[in-house]
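To start, the structure itself, in structure tokens.
Any read-out appearing in this document is the output of simple, stated calculations on the displayed coordinates, not a laboratory observation. Bear in mind the structure is a predicted one, so any value in this text is a computation, not a measurement. Positions of Cβ are generated from backbone atoms using ideal geometry, with glycine treated the same way; all protein chains shown enter the neighbour counts.
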Amino acid sequence: MKILVTAKRVEDPESKIKVKPDGTGIVQEGLKYKINPFDEIAVEEGLRLVAKHGGEVVVVSIGGKEVHEQLRHALAMGAHKAVWVNHTGPLDQMGVAGLLQKVVEKEKPDLVILGKQSIDDDQNQVGQYLAEWLGWGQATFASKAESFDSENEKNKVPALVVGADNKTVRVVREVDGGLATVECQLPAVVTTDLRLNQPRYASLPGIMKAKSKPIEELIPAGLGVDVTPKLTVTKMSAPPARKAGIKVPDVATLVEKLKTEAKVI
Amino acid sequence: MLSGYGVYQEEHQAFRRMVREVIAKELRPFAREWEAAGEFPRSLFTRFGELGFFGLKYPEAYGGTNAGELYEAVLLEELGRCGSGGVAAGLGAQFTIATGPIHLYGTDEQKRRFLAPAIRGQKIGALGITEPDAGSDVAGIQTTARRDGTHYVVNGAKTYITNGVRADFVVLAVKTDPSAGQRGLSLLIVEKGTPGFTVAKKLDKLGWRASDTAELLFEDCRVPAENLLGEPGQGFAQILGNFQWERLSLALGALGAAEEVLETTIEYVKQRRAFGQTVSAFQVVRHRLAEMATDLEAARQLTYHALRLHVGGQYAIAQTSMAKKVATEMCCRITDQALQLHGGAGYMKEFDIERHWRDARLGPIGGGTSEIMNEIIAKQLGL
């Protein structure tokens, strides 16, 4: 089977993010970047499925030349080929989904796996838009299932299982208060949650092989997608700094303050 | 994107990112714990073996990847940043000094017996040169190996041996002909458990506290003659041959450690406040950090120059010695200034700076002191 996975370039969560004083964005100097952690989980899941069912993993990223770093990372993990949508400048979730739709129509994968959201702007919309526009089934927030309530499914079950006939995929989703299991007809769109798997390191032989794996370049105009954002960010601001705590002399004062000031009881 | 400084290619930098991830997850969080324990888990050797880190410059036939010395250089720099000089030293000794001579001078049989399991991390190796009365003065070594039929009988003592306590084998510098000076030197592989080979003691140290450093004793220790590397009397050239990479490895590790300390210090001064402003707002602090960064960059360029010459196949003995001296001394200066910039916090065990400061001090001593480096350089100048 053919699986398309995404590899968005995002700010390294270890970096210290600072908002520009004028609120137009974040300070880019000195920032490190890496693959969106949710996308890395998607790459890992794609590789595991292909190891079981055969086929190939195609990784796609949208951005300037610098996203080659994330594409090469996915290739070094084991992805077979890469698609680079060469685009710089602002892009909203509809722009991303529109570009991915064209890549999907071109690559014709059986399954698309994306991170449920990217850790930079936390939109959590691209997978859903993509499934809708393709007219495919979607299963969001695929997560690792430790156990199920029903007796015959008590044992650990993989969160993402492709049916023996390669026509369906069963996905365990993380939902409020528990897990839900859904089955989709293939082709389908799946988005990954944090606990789905533990991504592998890129291996040294993988890194050396990645060098010679192909990266195909596409441009939005060539795909016939208008990526003019319908959404603009008007202002960014840092969350208010946490105030220092206080010490209370006794329990009575604590209860009083929780009631009157914090208003939590 | 990480700059390659004209030395490293994109794939080396990809490898660097992978090594960083491994170190961030599996080494750095435990640096303090291992420092307190005075050792790191033996399982790290097998873990590094699995990751292929011990076989970067060794042939596939013995389980290596034959990726090349530049990959190993990346690993050495990043190990320098792991937060523990001792861990870096113990793991580093495995792929630089312990297995290097076996790879360069061993027979196929010796490589299968010692190199291959060391690449897998299943056997720990050590290099035994220094003695109570001889170190860089290699020709003055007192440990003897007298031929007796199919065996050598080894007598003598070694000291300051990294990985010595846990080593499964030691590549030992011995005099096979005590009357022949440096021409009487040989390298002999001695296995753990050979009768007459004992670990006299584990040494207590200022820094590198997570690494095991031992004094080894050999009393009528009978070692099979097939464990000799090359021919008797080739030891001097063999030791000198591997000294180049050992010295480069110390320079590269010093770059990594200095880089880590500089970054930590920059973060610290941006947060620490005094007299109503961040410490980083004081010009004296800003300029001090600018000078530290410049110092690091200068040492880096000299080290990379020596590295380029070395991987290009040159026996760059002067440049390598210069780089070793300059980079390790730079690291001492940087850690010392970083400690100062941390003020009282720098002197406390709660912060990592004091450990870096102690670890860095070994640099201008181990693998040939700065004074020995100067002697080598002077000799190259025709003095």
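Compared with the dominant principal axis of the Cα atoms in chain B, helix B:235-271 is inclined by about 20°. Scanning residues 5 or more positions from residue B:212 or on other chains, those with amide H under 5 Å from its amide H are B:163, with H placed 1.01 Å from N in the peptide plane. Both radii come from the Cα set of region B:237-380: Rg as radius of gyration, Rh as Kirkwood radius; their ratio Rg/Rh reads 1.06.
Inter-label distance, residue A:26 to residue B:69: 4.1 nm, where each label sits 7 Å from its Cα along the C-beta direction. Dipole check for region B:10-123: with +1 at the C-beta of Lys and Arg, -1 at the C-beta of Asp and Glu, and the Cα centre as origin, the magnitude is about 240 Debye. Among A:97, A:76, A:244, the largest mean-square fluctuation in a Gaussian network model of chain A, built with springs joining Cα atoms closer than 10 Å, belongs to A:244.
Determine the shielding of peptide A:197-203 by partner chains: average, over its residues, the number of Cβ atoms on other chains within 10 angstrom of each Cβ. Mind showing how you got there, number by number?
On the way: counts 0, 0, 1, 0, 8, 5, 6.
Averaged over the peptide's residues, the number is 3.
Highest mean first, the peptides B:353-365, B:59-71 sorted by other C-beta atoms within 10 Å per residue fall in the order B:353-365, B:59-71. Here the protein assembly as shown is treated with +1 on each Lys and Arg Cβ and -1 on each Asp and Glu Cβ, and its dipole about the Cα centre works out to around 420 debye. FRET efficiency for the pair residue A:242 and residue B:46, taken as 1/(1 + (r/R0)^6) with r the Cβ-Cβ distance and R0 = 45 Å, rounds to 0.55. When all alpha carbon pairs of region B:292-348 are counted in 5 Å bins from zero, the resulting P(r) reads 4, 20, 22, 16, 13, 10, 6, 5, 3, 1 %.
When the P(r) is computed for region B:38-101, the part past 18 Å accounts for 30% of the Cα-Cα pairs. Tell me the net charge near residue A:78. Cut-off is 11 Å between Cβ atoms, residue A:78 excluded, with +1 for each Lys or Arg and -1 for each Asp or Glu. Around residue A:78, the surrounding residues sum to +2.
Taking a Cβ cut-off of under 11 Å around residue B:24, the surrounding Lys, Arg, Asp and Glu residues balance to a net charge of 0, with basic ones at +1 and acidic ones at -1.
Placing +1 on each Lys and Arg Cβ and -1 on each Asp and Glu Cβ, with no other charges, gives chain A a dipole about its Cα centre of roughly 560 debye. Inter-chain neighbour count for B:11-21: the average number of beta-carbon atoms from partner chains within 10 Å of each residue's beta-carbon is 5.
Rounded to a whole number, what is D in µm²/s for the protein assembly as shown from Stokes-Einstein with the Kirkwood radius over alpha-carbon pairs (4 °C, 1.567 mPa s)? Each step should come with its number before you reach the end.
Values: Rh = 28.0 Å.
Using the Kirkwood radius from Cα pairs, D works out to 46 µm²/s.
Packing, taken as the mean count of other beta carbons within 10 Å per residue, orders the peptides B:155-166, B:304-315, B:370-381, B:269-280 from highest to lowest as B:155-166, B:304-315, B:370-381, B:269-280.
Note on residue B:202 and residue B:349: their simple-model spin labels are 1.7 nm apart, each label 7 Å out from Cα toward Cβ. Nearest 10 degrees is fine. How inclined is helix B:283-311 to the longest principal axis of chain B, computing both from alpha carbons? Between the helix axis and the principal axis of chain B, the angle is about 30 degrees. When each of the peptides B:185-195, B:168-178 is scored by how many other beta carbons lie within 10 Å of its residues on average, the order from highest to lowest is B:168-178, B:185-195. Max-minus-min Cα coordinates of region B:126-233 on each principal axis give 41, 29, 21 Å, with the largest extent listed first. Once the Kirkwood radius over Cα pairs is known for region A:2-234, the Stokes-Einstein relation at 4 °C and 1.567 mPa s delivers a diffusion coefficient of 71 µm²/s. Return, ordered by residue number, the residues of region B:213-248 whose backbone nitrogen is under 19 Å from a label point located 7 Å along Cα→Cβ of residue B:148. Those under the cut-off are B:217-228.
By the rule of a C-alpha distance below 19 Å, with chain neighbours fewer than 8 residues away ignored, the lysines paired with residue B:111 are B:57, B:123, B:192. In terms of distances greater than 18 angstrom between alpha carbons, the cross-link table entries A:81/A:108; B:158/B:202; A:52/A:211; B:158/B:205; A:65/A:213; A:65/A:235 yield A:52/A:211; A:65/A:235. Remark: mean inter-chain Cβ contacts per residue of A:64-74 equal 2, using a 10 Å Cβ-Cβ cutoff to other protein chain atoms.
Would you mind checking A:20/A:247; A:20/B:270; A:18/A:243; A:2/A:209 for any pair whose Cα atoms are more than 23 angstrom apart? The answer is A:20/A:247.
Taking the Cα atoms only, what angle lies between the long axis of helix B:10-26 and the longest principal axis of chain B, rounded to 10 degrees? Once rounded, the angle reads 90 degrees.
Here's the picture: charge each Lys and Arg Cβ at +1 and each Asp and Glu Cβ at -1 in region B:1-119, and of B:22, B:64, B:76 the one pushed furthest to the positive end of that dipole is B:22.
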